[in-house]
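First the structure, in the form of structure tokens, and then the observations on it.
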Amino acid sequence: MSGYFDHIDPIKFEGKDSENPLTFKYYDKGKNVLGKSMEEQLRIAVCYWHNFCWDGFDVFGGGTFNRPWHGAVNDRKAAEMKTDVAFDFFTRLGNPFFTFHDVDTMAASETPREHVDNLAHIVDYIEGKMGSTGKKLLWGTANMFSHPRYMSGASTNPNPEVAAFAALQVRHALEATHRLGGAGYVLWGGREGYDTILNTKVGQEMDQLGRFLTMTVEHKHKIGFKGDIWIEPKPHEPTKHQYDRDVGTVYGFLKAYGLENEVGVNIEPNHATLAGHSFEHEVEMANALGISGSIDFNRGDPQNGWDTDQFPNDLRETTLAMYYILKGGGFKNGGSNFDAKVRRQSRDVDDLFYAHVGAMDLLARALENAAAMIKKDTLGDFREQRYAGWSTGMGRKMMDGKASLAEMADYCLEKNESPAPVSGRQEYLENVVTQAVK
Ligand code: XLS
Ligand code: NI
Ligand code: NI
């Protein structure tokens, strides 16, 4: 135990009438939902970076949190202390999984040799902690956007020496993820984009990214990592334009480089909204394209145009997203990672617990709502019936590739009828969703 959370008892499920704010009202991990426990359905993960690395700084001011484990000197002792704190937090909260970037966990490093040695040191330490606490790794990743060397991108950098440093980081982060039994590996294209198109060879950069991703996939197979690789779409921020803009764009990119059967997506609601989409749009698009992976749950601020990474609290949105996640077969290797941070005025460690307890309860409620929506699947049945025409007659023939354009035109002319418009029933379906949100 790290000593920083001693005043917080392990969070228990007490049901919705409990008046203790630090208990679960809905997250009852053993409860059966659609044939699996809630814990197995949701696969909840706490992230390292927002909770144990960020000190509350923003573009206008310094850190506000004053947490001793941030450490003035980021050496190996400080890294071990941070690990102790993180696993103490996971143990009290009761989340089964965690996620990390290489540099979140390790002592600060400047040279490639220091990077490799400091990462190896902390991976040993983390492995020990995982063994003693039973916590598991949902996914790992490499931070290739914070260090100034990456200001012009990692694999998309005009300088191949920077791409080589990125290769070093990805190789070792992927191998660490494999060693720690991670279910997935994420690549978010932080600075894989441009600030201005005036100095950028867009085609060259996308080829670099495609090649780098191919090398990553090859390395995954070489080391025998059986988990998934996911790209995390985001349209912009920090760059003006990121190449992994949204799920649809990522799919086109994967197709172009022959990687669509190797790589999936890690979807983040706040990134979806920045791209001008709803959260459920991105989830359903990934289902449709066969690249569903994992979710970075959070929310944006409807009045702000950036990635505010707030904890999710919208039950309607989360219920609907969960409905589409379950319709897509639910999580396999993926899970529910909270890529969210408390506000910088929420400076007590208690705030970290309030945030996660509330978000876990929200997901539990959304899961139960979505499961009920699936049991009596009014939305699904409506859609089936709406497209029923495509399974017979000329509709079927067209989809089986057995009708020509001329044949379909002749068929229409022969019938000589103008098809009657049919209601899409949007308001009715919206009412169905409203009734399901409990
Ligand atoms: C930033 C991203 C980042 C990724 C991991 O906006 O969400 O945190 O999830 O690199
Ligand atoms: Ni994220
Ligand atoms: Ni984000």
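FYI, it's all coordinate maths here, none of it is from the lab. What you see is a predicted model, and the numbers here were worked out from it, not measured in a lab. All Cβ positions, even for glycine, are placed from backbone atoms using ideal geometry, and neighbour counts span all protein chains on display.
Values computed for the structure shown
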read-out: Rounded to whole Hz, the Karplus (6.51, -1.76, 1.60) HN-Hα couplings of segment 41-55, x for glycine and proline; value: 5, 8, 6, 6, 10, 9, 8, 6, 5, 6, 8, 10, 10, 5, 9
read-out: Loop trypsin sites (Lys or Arg not before Pro), segment 189-220 (other Cβ atoms within 10 Å of the site Cβ: 16 or fewer; DSSP); value: LYS201
read-out: Listed residues GLY35, PHE87, VAL46: farthest to the positive end of the dipole of segment 1-111 (Cβ charges); value: GLY35
read-out: Dipole moment magnitude, nearest 20 debye, the chain about Cα centre, only Lys, Arg, Asp, Glu C-beta charged; value: 700 debye
read-out: 0 to 90° range, to nearest 10: angle between helix 349-375 axis and the chain longest Cα axis; value: 20 degrees
read-out: Candidate lysines - alpha carbon under 20 Å from LYS402, same-chain residues fewer than 8 apart omitted; value: LYS415
read-out: Whole-Å distance, taken between Cα centres, linking segment 409-432 and segment 223-302; value: 33 Å
read-out: Diffusion coefficient, µm² s⁻¹, Stokes-Einstein with Kirkwood Rh over alpha-carbon pairs of the chain at 10 °C and 1.306 mPa s; value: 68 µm²/s
read-out: Solution diffusion estimate, µm²/s, Stokes-Einstein, segment 359-407, Kirkwood Rh from C-alpha pairs, 20 °C, viscosity 1.002 mPa s; value: 158 µm²/s
read-out: Rounded tilt (10° steps) of 76-93 against the dominant C-alpha axis of the chain; value: 50 degrees
read-out: Greater than 31 Å apart at Cα, pairs in LYS16/LYS129; LYS332/LYS376; LYS136/LYS341; LYS29/LYS255; LYS136/LYS222; LYS29/LYS129; value: LYS16/LYS129; LYS29/LYS255
read-out: Vicinal HN-Hα couplings computed from phi for segment 341-347 (Karplus, 6.51 cos²θ - 1.76 cosθ + 1.60; Hz; Gly/Pro x); value: 10, 6, 5, 6, 7, 7, 8
read-out: Simple Cβ-charge dipole of segment 67-116, Lys/Arg +1 and Asp/Glu -1, about Cα centre, in debye nearest 20; value: 140 debye
read-out: Equivalent ellipsoid semi-axes, segment 1-139, via Cα gyration tensor eigenvalues times 5, rooted, Å; value: 30, 19, 13
read-out: Rg and Dmax [Cα atoms of segment 279-376; Å; Rg one decimal, Dmax integer]; value: 14.2, 44
read-out: Between segment 116-130 and segment 139-179, the alpha-carbon center distance in angstrom; value: 18 Å
read-out: Helical mean residue ellipticity (222 nm; -39500 (n - 2.57) per DSSP H run of 4+; nearest 500) of the chain; value: -14000 deg cm²/dmol
read-out: Taking GLU192, GLU40, GLU317 and counting other C-beta atoms within 10 Å, the order from fewest to most; value: GLU40, GLU317, GLU192
read-out: Within segment 145-249: Cβ-based charge dipole about Cα centre, in debye rounded to nearest 20 (Lys, Arg +1; Asp, Glu -1); value: 240 debye
